[in-house]
Amino acid sequence: MDRSGAGRPRGFREQSEAELARPATDVQGPATTPVRVGSAGLGSALGPRPAWRWVLAAAALLGALVLVIAVLAFRLGATSGAATDAASTAPTPTPAATATPLPVPDLYRQVVPSVVLVTTSKGSLGSGTVVTDTGTVLTANHVVSGGGGISIVFADGTRSAATISTRNQKTDTATLTPARLPEVVVAATVGGGVAVGDDVVAIGNPLGLRDSTSAGVVSGLGRTTKTEAGSVSGLIQFDAAVNPGSSGGPLFDAQGLVVGVVVSIADPGKDDAFAGIGFAVPIGSALGAGTGAGPGEGGQL
């Protein structure tokens, strides 16, 4: 096409040969600045993007929240630990001590050293209990009231003459002072009262059988019985077997404490045979004064 003729397109400036030979990138036009691809350059090129600021703020808020929770958890743990330590170091209330019943074999071994044999030159036979460290013997008055010389045989075999120190006909009890003591004096421990149904153990010398032991329960309280020595009141009724020769011997509770002095049995057949009912003076009455009610027939041991 002839560039100078009528066929030249209108509206276009004719380019010189030099311009036609110039690379396209040299074509005149609006100046452009090369853009460097990168976070800063991209942001500068694309304009401000505030989303990252919100991300940073949320992260900071989350970090602060985690820190607060950690501090609270630490303080709570410290408080709980202190409470636990205080609870662990607090004294535990001790339950009130209760008396533990002794098996009869253990009770026997514990108390038999304090039981003695009492005899008189008039043929009386009975039992007794050492109740003081000086060797004082507690027994039944009717065992020694018939006169004659009194002899005591201790558990270790020591034999001694004895004299009556005190006597109480109302309670049918007496105390004896031996002239000689064994090398080791073993005194029984005196107890308190008993209740119906309590376990009891009687130790004595029935029919001369040394240190015989029988067990039973308290069958009644406040009993009265008649013997050759008179009427005795305020007695403990029990069912542990006793016979002539047991009189004056100790009645123990389940802990081995002396709670009574055996004085008689119920004897409906008048033959001194045990009928399942024995009587003992309460230890408080034996060492002082006692009262009781409820008549009955009894036999002297």
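Worth pointing out:
- For the stretch 167-181, a residue qualifies if it is farther than 15 Å from Ile283 by Cβ, at pLDDT below 95 and not basic (Lys, Arg), and exactly one does: Gln169.
- Strands (runs of 3 or more DSSP E) within the stretch 204-283 that include 1 or more residues at pLDDT 95 or above, hydroxyl-bearing (Ser, Thr, Tyr) and surrounded by fewer than 21 Cβ atoms within 10 Å (Cβ to Cβ): 212-227
- Ala215 vs. criteria closer than 14 Å to Ser114 by Cβ, in contact (Cβ under 8 Å) with a residue 40 or more places away in the chain and not β-branched (Val, Ile, Thr): no
- Strands (runs of 3 or more DSSP E) within the stretch 111-174 that include 3 or more residues under 18 Å from Leu209 (Cβ atoms) and of a type in the set (A, V, I, L, M, F, W, C): 115-120
- Residues of the stretch 93-123 that are surrounded by 13 or more Cβ atoms within 10 Å (Cβ to Cβ) and at pLDDT below 95: Pro101, Leu102.
The values are calculated or read from the model by the stated rules, or taken from the named source; none is laboratory data. Everything numeric here is computed off the predicted structure, so don't read it as measured data. Ideal geometry is used to build each Cβ from the backbone, glycine not excepted, and the neighbour counts take in all protein chains shown.
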